[in-house]
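A short worksheet on the structure shown next.
The values are calculated or read from the model by the stated rules, or taken from the named source; none is laboratory data. Please read these numbers as outputs of a predicted model, since none were measured by experiment. All Cβ positions, glycine included, derive from the backbone under ideal geometry; neighbour counts span all protein chains shown. Accessible surface is based on the protein model in full, side chains and every heavy atom, while ligands, DNA and RNA are left aside. Shrake-Rupley method; radii C 1.70, N 1.55, O 1.52, S 1.80 Å.
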Amino acid sequence: MTTLLQDVKYGLRLLGRSPAFAAVAVLTLALGIGANTAIFSLLDALFLMPLPVPNASQLVDVYKTRNGRGYGELSYPDYVFYRDRSDAFSALAAEYPTAPINLVISGESQELNGSVVSQNYFHVLELSPFLGRFFVREEDQAPGRNPVAVISYALWQRRFGGDAGILGKTVQLNGTVFTIVGVAPKGFQGAILGLPATDVWIPAAMFHAGYHYCDAFQRDCTVLNLVGRLKQGVTPARAQAEMSGLARQLEAAFPETNRGIGVAVVPARGVRPVERAESAPAAALLFGAVGLVLLIACANLAGLLLVRNTARRREIALRLALGAGRGRLVRQLVTEGLLLSVAGGLAGLWVALQGQNLLLNFYATASEGGQTYFTLRLDPRVLGFALALSILTGVLFSVIPGVQASRANLTDAMKDAGLATGRHRSRLRDVLVVGQVALSLVLVTGAGLLLRSLGNIYRGPGYDVAHLAWLRLRPSLIGYPAAKAWAYQREVIRRLEALPGVVAASPEDYSPLRNSGDDVSIWLPGKAPTRPELAARAGINQVGPRTFETLGVPLLQGREFNQQDRKDTPSVAIVNETLADRMWSPGKAVGSILVVEGQPYRVIGTVKDAQYHAMSERPAAFVYVDYWQQDTSTSWGEDSRTMVRMAGDPRAMLPLLRRTAASVDPNVPISEDRPMREWLADEFSPVRMAGTSLVCFAGLALLLSAIGLYGILAFTVSQRTREIAVRMALGAGRSGVAKQVVRRGALLGLTGTAIGLAAALAGGRLVASWLYGVRGYDPIALLAGPVLLIGVALVASYLPARRASSVDPAAALRFE
């Protein structure tokens, strides 16, 4: 411990004498460690972070599995069965976390995100209300009897101004009058990370007010997430065994709905397993990218330390001559490296905070436009990671230079000879620079591919997005029957199209880039498959007249849907070019019959492929059926996403569009009203996040590589001052000397570029799933990266070359 303190004191004194070197080293490490810490905090939030509630380690989530796979929602009757029979939980609660809520106060409506929860929900989470109370047992027994609500602290402040008399007041939610009985604790936004933050909670007995697409009290309506608190001493594995046994009992009792259905009990940490699986590829890509940045930083500092240790050769030789062991010397040099890395780690915490703010831009908003319940923070796990990474980094970049320095030739060093020798060290420095350039090119090429991909997305995924917006209309949530709902939809469209600046409007069941989540079986007449699983599959959407005009999708043949297509006329369909090419010979699709799920449709038109897919996927076959001909036996057929094309700015027009729709009936929930361009930005947020992050990392890598190359060339020039002076004294021109330095820098850059280009070609497959309209071997991205790297190498070589060409031979030789 005494010698360690001596090493620390001595290292601090030395670094204090070289403030420029220390500042460059600490800044380099701060950027590398800070970027890694920010990405680790993202991984922490996705996979490790517990809920911000008391005793969160006892909480588990319960999901439905089918044949042992997947993570899905359960039905309310199944929840009651598990709740009443399980012995592993002190309490088990249920929640539907994304209930669309339309709040109406004094004739003004506002879109909220609600949660329909079981009466014991807040008890399971061990929460206490900020004001009032939570739900009581009686309020969750008789469907529709007790319309009570708990609002979030944020909504209480935002919409009600923190009114202390809020308890007992009534508000209209989805057409039903509710009484506010409590305010949730400050900061609580729900029990599921990564989903839209909850504004209001209503009891499960009021399910019809928050969800109307199936009967939530029937066993075939599976919409609930379950969260349970384990009893003291009960492990998740024991709870899993018990719940699996109960699931088998349910399967035996209700085989028509529960055949093959089991449950998965997982600790309540991070986002839901489905979101984890979706986020894992992007998180892995970012973690790999920041790992490359840190390797570049380590290579950069290792090169700088090799240069620094060479300049300290006389000091090192003297310490060895006075009896210091090589191990003792290496430990001293590693201690100096650790001092730098710890200082860099501390500074990196600020960089990590800025990186977290950048990452939150991609996770704070859902594709529907609502704010998500997602936080990034420097919790103990993240701080521990930053500390461990700082120590590992310090050892990594200082050990090799330390070992090299301990092998100094005592005689040459004490004679001040060998200034231009040390070929092994010179080769090692060159290898480090070449490695930095190669790794930088991998990042630059990846960033270029993703930027090209983002450009294709924003230009429009098969349709024009610049002047497009939508409104989601949900008359079913306030109990509209099908006929009234359709009349409402038609009137909204009529009023919207009457507005100045609106070109066209049309209803759709689903957003243009999505289908219902399930495709349909299709075949030609007389060619029905012998077994259902052998049928061809296609995506499906219900769309109204003028949909393709509204979207800007070219009609290739035939016509669009029009007012002549009604429920009492033959069913018609429009197919995309992929489906037309697959099912018919060229030009034969229009007029043909296509059987969709056993129902015949006459094809009246073909359109260009409008779904946008990654380059790793083939274009999907798609069939469009008439919105006004669809089955209205379920609530899905009563609601729509109404697409609106306008001549001006969609964002500026949205308030008018919303007011116009609300003027038909202010009680109908209107949600997801936003421009298509913003929806694209959120829908493709993984691509945006990966592209933006890789651009930042690539820029950082370029800067570090330029510093490394400049440092090596500047040191080489300083060590070869005598040689350069002699050459110039013997007649060598200044331009020739400068060209020699630039040539060496260009050679290092070209070598690194060649190695990096090979790695980038292989790495292109790693980002294939994020590429839209561009392939992993895109020539523009593959050529732009090397050109940029070589340009950086030439710029980094310029200053050392200029310094070499300005050497005064007489002064240099006189000094030597």
Can you work out the accessible area per residue across segment 17-171, with the rest of the protein chains kept in place, probe 1.4 Å, in square angstrom?
-> 40 Å²
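What number comes out for accessible area per residue over segment 222-315 if the probe is 1.4 Å? Units Å², please.
Value returned for segment 222-315: 39 Å² of accessible area per residue.
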Are there chymotrypsin sites (Phe, Trp or Tyr not before Pro) in segment 152-235 that DSSP marks as loop and that have at most 12 other Cβ atoms within 10 Å, and which are they?
-> none
Isolated Cys in the chain by the 4.7 Å beta carbon test?
-> Cys298, Cys696
Nearest 0.05, what FRET efficiency do Asp379 and Ser585 give at R0 = 45 Å with Cβ-Cβ as r?
-> 0.15
Per residue Cα convex hull volume in Å³ - calculated over the chain | 216 Å³
So between Ala732 and Phe47, what do we pick up on full extension, going 0.36 nm a residue minus the alpha carbon distance?
-> 240.2 nm
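Over 24 Å between Cα atoms, which of Lys588/Lys608; Lys64/Lys231; Lys527/Lys608; Lys527/Lys588 qualify? Please list the in-between numbers first.
Working: Lys588/Lys608 15 Å; Lys64/Lys231 21 Å; Lys527/Lys608 26 Å; Lys527/Lys588 17 Å.
Table pairs above 24 Å Cα-Cα are Lys527/Lys608.
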Using a cut-off of under 16 Å, list every residue of segment 565-594 whose amide N is near the label point 7 Å from the Cα of Asp519 along the Cα-to-beta-carbon line.
-> 575-584
Starting from the Cα coordinates of segment 451-609, work out the convex hull volume and express it per residue in Å³.
-> 162 Å³
Rounded accessible area per residue of segment 540-589, 1.4 Å, Å² | 48 Å²
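Stretched out fully, how many nm does the piece from Lys527 to Glu278 gain, at 0.36 nm a residue minus the Cα gap?
Additional length available on full extension: 85.9 nm.
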Between the helical axis of 380-405 and the dominant principal axis of the chain, each derived from Cα atoms, what acute angle in degrees is found, rounded to the nearest 10?
-> 30 degrees
Under the Debye formula (equal points on every Cα, no solvent term), log10 I(q)/I(0) of segment 566-685 at q = 0.23 Å⁻¹ | -1.24
Compactness summary of segment 1-92: radius of gyration and Dmax from Cα atoms, Å, are 26.1, 74
For segment 30-139, alpha-carbon Rg relative to the globular expectation (2.2 N^0.38 Å, N residues) = 1.43
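Work out, step by step, the length gained on full extension between Gln371 and Val80: first 0.36 nm times the residue separation, then minus their alpha carbon distance; give nm to one decimal.
101.7 nm is the gain from fully extending Gln371 to Val80.
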Carbon/sulfur fraction of accessible area - the chain, other protein chains in place, 1.4 Å, % = 59 percent
Under the 7 Å Cα-to-Cβ spin-label approximation, Thr170 and Leu747 lie apart by a distance in nanometres of 8.8 nm
Counting only backbone N atoms under 14 Å from a point 7 Å out along Cα-to-Cβ of Ala498, the residues of segment 655-688 in range are 660-665
Given a Förster distance of 51 angstrom, what is the FRET efficiency for Glu256 paired with Val787, based on the Cβ-Cβ distance and rounded to 0.05?
-> 0.20
Along each of the three principal axes of the Cα atoms of segment 9-57, give the extent in whole Å, ordering the values from largest to smallest.
-> 50, 21, 11
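With Rg and the Kirkwood Rh both taken from Cα atoms, where does Rg over Rh land for segment 133-239?
With Rh from the inverse mean 1/r over Cα pairs, Rg/Rh is 1.01.
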Angle between the Cα long axis of helix 236-253 and the longest principal axis of the chain, 0 to 90 degrees, nearest 10?
-> 30 degrees
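For segment 120-194, how big is Rg over Rh, using alpha carbon atoms and the Kirkwood form of Rh?
Ratio of gyration radius to Kirkwood radius: 0.95.
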For segment 539-615 the GluC sites (Glu not before Pro) that pass both the DSSP coil test and the at-most-15 other-Cβ-within-10 Å test are Glu597
Please give the residues of segment 223-237, grouped as numeric ranges, whose backbone N is less than 17 Å from a label point set 7 Å along the Cα-to-Cβ vector of Arg66.
-> 223-225
Apply the Kirkwood formula to segment 194-265: the hydrodynamic radius equals the inverse of the mean of 1/r over all pairs of different alpha-carbon atoms; give it in Å with one decimal.
-> 14.9 Å
Can you pull the percent of Cα pairs in segment 81-127 with separation above 15 Å?
-> 59 percent
Calculate the spin-label point distance for Arg775 paired with Leu555, positioning each point 7 Å from the Cα along the beta-carbon direction, and give it in nanometres.
-> 3.5 nm
Over all alpha-carbon pairs of segment 493-566, lay out the pair-distance distribution in 5 Å bins, whole %, shortest bin first.
-> 3, 12, 17, 18, 19, 13, 9, 4, 3, 2, 0
Helix-only [θ] at 222 nm, the chain, -39500 (n - 2.57) per DSSP H run of 4+, per residue, nearest 500, equals -16500 deg cm²/dmol
Taking a crude spin-label model, label points 7 Å out from Cα along the C-beta direction, the Asp220 to Leu318 distance in nm is 9.0 nm
